[in-house]
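Right, one structure below, let's go through it.
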Amino acid sequence: MLDRRLNAYRPDLADQVLQGQVEAERFVVPQPAMIAAPVVPLRPRPDLTAGIDTELLIGEAVGVLERKDGFAWVKAASDGYVGYLPESALAPSQQPTHVVCVPRTFVYSGADLKFPMRRALSMGSRLSIVGEIETRGMLYLLLSNGDAVIARHLRALSDAPLGDYVHVAARFIETPYLWGGKSAFGIDCSGLVQLSMAMVGEAAPRDSDMQAEKLGIVIERDALRRGDLVFWKGHVAIMEDERTLLHANGHTMSVARETLEGAIERIGWLYGQPTGYRRPIAET
């Protein structure tokens with residue numbers, strides 16, 4: 001049985017790449033599109049009352065397998081996740097030029113911080129910039145509709161991503177915990193790992209079980225250092241140093257710091273001991 005999170009197939013319709021692996025009445029080639037809203041939940045079925053599996057951010061590329069009754073069935077280009085979202089959240093494909101590199105920023109109705117705010121964006125959001133303008137010493141980057149973003153809150157995608165993903169993760173401290181969340185407005189444990197690593201140019205699977213199976217290399221507990229991952233059943237945490245970890249968690253309902261020993265003791269009575277340890281980036 002193929003993982004439905006990463007493989008788009010139903011009895012009536014399936015992704016063309018799965019032909020020969022699954023049975024379906026019809027196979028289609030996903031059509032390119034782009035996320036057009038700041039944060040869009042991706043759900044396992046076309047129902048707004050269904051819980052969310054993950055989220056997609058503005059500027060992310062998707063392949064659309066079906067548009068029906070106001071919903072689109074899509075596959076995310078970044079991590080292959082499959083699900084349903086409102087068709088209104090899609091726009092024609094466009095090549096982003098910049099990514100938001102601070103936890104949160106605003107899009108203004110023009111190049112002036114006193115102008116009305118159009119929307120708030122999370123780190124990881126992608127934008128197509130067409131120009132720049134300076135107002136009272138502040139540089140703004142412009143969108144095609146005249147809206148503007150503080151220039152230093154964006155990084156050109158053409159620039160090589162640099163930095164330490166643990167430092168990125170620490171910038172999310174006190175961000176609310178949200179099951180399935182993948183933004184600076186609400187994030188879950190594996191979303192924190194994936195988004196933080198993406199900001200330094202490293203790919204990670206979306207869910208903690210995927211990360212525990214495929215991300216990096218297995219290590220022993222006594223080898224833990226900064227950047228290593230600790231897994232429990234259904235949970236993952238990032239080591240900030242040999243004794244302290246960072247994680248989005250349902251205990252504090254936020255991204256928080258905790259000692260490794262304290263986390264093991266607190267989590268153990270309900271979810272058991274850690275199931276494994278991995279080093280996601282060899283040079284960390």
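Observations
- Wholly enclosed strands (runs of 3 or more DSSP E) of the range 114-171 bearing at least 2 residues of a type outside the set (Val, Ile, Thr) and closer than 19 Å to Ala203 by Cα: 154-156
- Those strands (runs of 3 or more DSSP E) of the range 8-91 in which 3 or more residues are within 29 Å of Phe106 (Cβ to Cβ) and out of contact with any Pro (no Cβ under 8 Å at 6 or more places or on another chain) occupy 39-42.
- Options Val200, Val255: the member that is closer than 24 Å to Gly80 by Cα, within 23 Å of the chain's Cα centre (by Cα) and of a type in the set (Val, Ile, Thr): Val200
- For the range 179-197, a residue qualifies if it is surrounded by 17 or more Cβ atoms within 10 Å (Cβ to Cβ), touching a residue at least 12 places away in the same chain (Cβ under 8 Å) and either more than 10 Å from the chain's Cα centre (by Cα) or outside any helix (DSSP H, G or I) (or both), and the qualifying residues are Gly180, Gly181, Lys182, Ser183, Ala184, Phe185, Ile187, Asp188, Cys189.
- Selected residue [under 21 Å from Ile129 (Cβ atoms), modelled with pLDDT of 95 or more and buried (at least 20 other Cβ atoms within 10 Å of the Cβ)] from Ala8, Ala33: Ala33
- Matching entry among Pro116, Pro176, Pro161 (being farther than 30 Å from Lys233 by Cα, surrounded by fewer than 17 Cβ atoms within 10 Å (Cβ to Cβ) and touching a residue at least 40 places away in the same chain (Cβ under 8 Å)): Pro161
- Selection of the range 61-90 for residues being surrounded by fewer than 21 Cβ atoms within 10 Å (Cβ to Cβ) and farther than 18 Å from Val29 by Cα yields Asp69, Gly70, Pro86, Ser88.
The values are calculated or read from the model by the stated rules, or taken from the named source; none is laboratory data. Here the structure is a predicted model, which is why all the values come from computation and not from measurement. We place every Cβ from the backbone using ideal geometry, glycine too, and count neighbours over all the protein chains shown.
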